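The values are calculated or read from the model by the stated rules, or taken from the named source; none is laboratory data. Everything quoted here is computed from the prediction, not taken from an experiment. Cβ atoms come from the backbone with ideal geometry, glycine included; neighbour counts cover every protein chain shown.
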Amino acid sequence: MQYLNQSITGDDGVATGYADKLSPSGNLEQYYTKTGPYKVAHYIQNNTDGSKAYRLYYPERQSANQTFPLIVVVNGTATPASTYTPILEHLASWGFVVIGNEDGWAGTGASTAAMLDAALQYNTTHESPVRGLINTNKIGIAGHSQGGAGAINAATKYSNSNKYSSLYTASAVSRGTANNNQWTYDVSRLNTAVFMMAGTGASDSIAISPLDDLKHNFDALQGGKPGVIARRKSVGHKDVLEYGDAYMTAWFLWTLADDAKAKMVFAGADAELRHNSDWQDVQVRNIE
């Protein structure tokens, strides 16, 4: 394996500086839209076996032997991690080791299961830039569009699925679309905290991630883990990564890092997500 330093740029997907266009309404949403407190390092790991490269983004330690939760990111259709690297960098700035890959067809979860194994190997490999940096008891997974199906599958169908404790999906494809493309998923098998969001724009509401599917998936969740669904108003499928980024960050800070401030987005009668005028169709379960 070979590790290569590379600057972070948004290719044809999410551009560097994307947060400047967001104008978030919630106070906590504004807070988590900002860059976090950690300086971020980044590497590309080129695989010698011909498989596609992994992209690693990670915070620099502020104290000796500090470890961080891991977030595995699953791509949308024909949308490799190289097209939305600013999102991954943003997560890393808040204290997460983040790994993505270049698989544009990640719906089955197979490449994601392999990526998790790779990340855990890097945590113990002597020459790895993230050696000893990952808290292997705190692992989350996030997926957009086809990657939403891939994230659910990665967290339910593989030998390492039980390593995940938190999941986030942005406009996961509907069950019908997943079934038609051999990405069939079953949210009832999840054993993680779950936050599923989508946009109210026509591309989501009509075609890709309809409200009925979001509600069905929410109702199908089992067990006592926290669950949330919500839709961002006036946002289409292409833009949910950016507009959901702040609350995705808060979700993982709460569920993976026990951050009490981040929990205030989701918990209690005064939860910001419930009262943010830019969001609707909010439902929560097992959150006090």
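For the reader, a short list of remarks on this structure follows.
- Hey, Asn179 in contact with a strand residue (DSSP E or B) (Cβ under 9 Å, 6 or more places away or on another chain), at pLDDT 95 or above and of a type in the set (S, T, N, Q) or not: no
- Among the criteria (1) at pLDDT 95 or above; (2) exposed (fewer than 13 other Cβ atoms within 10 Å of the Cβ); (3) more than 27 Å from Lys163 (Cβ to Cβ), the one Ser7 does not fulfil is (1).
- Residue within segment 244-259 that is within 16 Å of Ser205 (Cβ to Cβ), at pLDDT 95 or above and within 13 Å of the chain's Cα centre (by Cα) present: yes
- Filtered by the rule that a residue be modelled with pLDDT under 65 and closer than 14 Å to Leu241 by Cα, segment 10-28 gives Gly10, Asp12.
- Residues in segment 84-116 that are among the aromatic types (Phe, Trp, Tyr) and in contact with a Pro (Cβ under 9 Å, 6 or more places away or on another chain): Trp94, Phe96.
- Asn47 meets each of the listed conditions (1) within 25 Å of Tyr158 (Cα to Cα); (2) surrounded by 16 or more Cβ atoms within 10 Å (Cβ to Cβ) apart from (2).
- Residue in segment 173-189 that is under 15 Å from His144 (Cα atoms) and in contact with a Leu (Cβ under 7 Å, 6 or more places away or on another chain) present: no
- So Tyr38, is it more than 30 Å from Ala271 (Cα to Cα), at pLDDT 90 or above and touching a helix residue (DSSP H, G or I) at 6+ places or on another chain (Cβ under 8 Å): no
- Test: residue in segment 250-260 that is touching a Leu at 6+ places or on another chain (Cβ under 8 Å) and in a helix (DSSP H, G or I): yes
- Every residue from segment 226-271 that is out of contact with any helix residue (DSSP H, G or I) (no Cβ under 9 Å at 6 or more places or on another chain), under 24 Å from Ile134 (Cβ atoms) and surrounded by fewer than 23 Cβ atoms within 10 Å (Cβ to Cβ): Ala257, Asp258
- Yes/no for Leu116 being part of a helix (DSSP H, G or I) and at pLDDT 95 or above: yes
For (1) surrounded by fewer than 21 Cβ atoms within 10 Å (Cβ to Cβ); (2) part of a loop (DSSP other than H, G, I, E, B); (3) under 18 Å from the mean Cα position of the chain (by Cα), each residue gets a yes or a no:
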{"residue": "Gly36", "(1), (2), (3)": "yes, yes, yes"}
{"residue": "Ala64", "(1), (2), (3)": "yes, yes, no"}
{"residue": "Val72", "(1), (2), (3)": "no, no, yes"}
{"residue": "Thr112", "(1), (2), (3)": "no, no, yes"}
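- Taking segment 127-225 and the helices (runs of 4 or more DSSP H) fully enclosed by it, the elements with 2 or more residues that are free of Cβ contacts under 8 Å to residues at least 24 places away in the same chain and surrounded by fewer than 24 Cβ atoms within 10 Å (Cβ to Cβ) are at 175-180, 211-220.
- Test: residue in segment 69-77 that is touching a residue at least 60 places away in the same chain (Cβ under 8 Å), of a type in the set (A, V, I, L, M), under 22 Å from Tyr185 (Cβ atoms) and touching a His at 6+ places or on another chain (Cβ under 9 Å): yes
- Test: Ala106 is part of a helix (DSSP H, G or I) and either without any contact (Cβ under 8 Å) to a residue 12 or more places away in the chain or small (Gly, Ala, Ser) (or both): no
- Looking only at residues in segment 272-286 that are part of a loop (DSSP other than H, G, I, E, B) and out of contact with any helix residue (DSSP H, G or I) (no Cβ under 9 Å at 6 or more places or on another chain), the one that is farthest from Gly95 (Cα to Cα) is Ser277.
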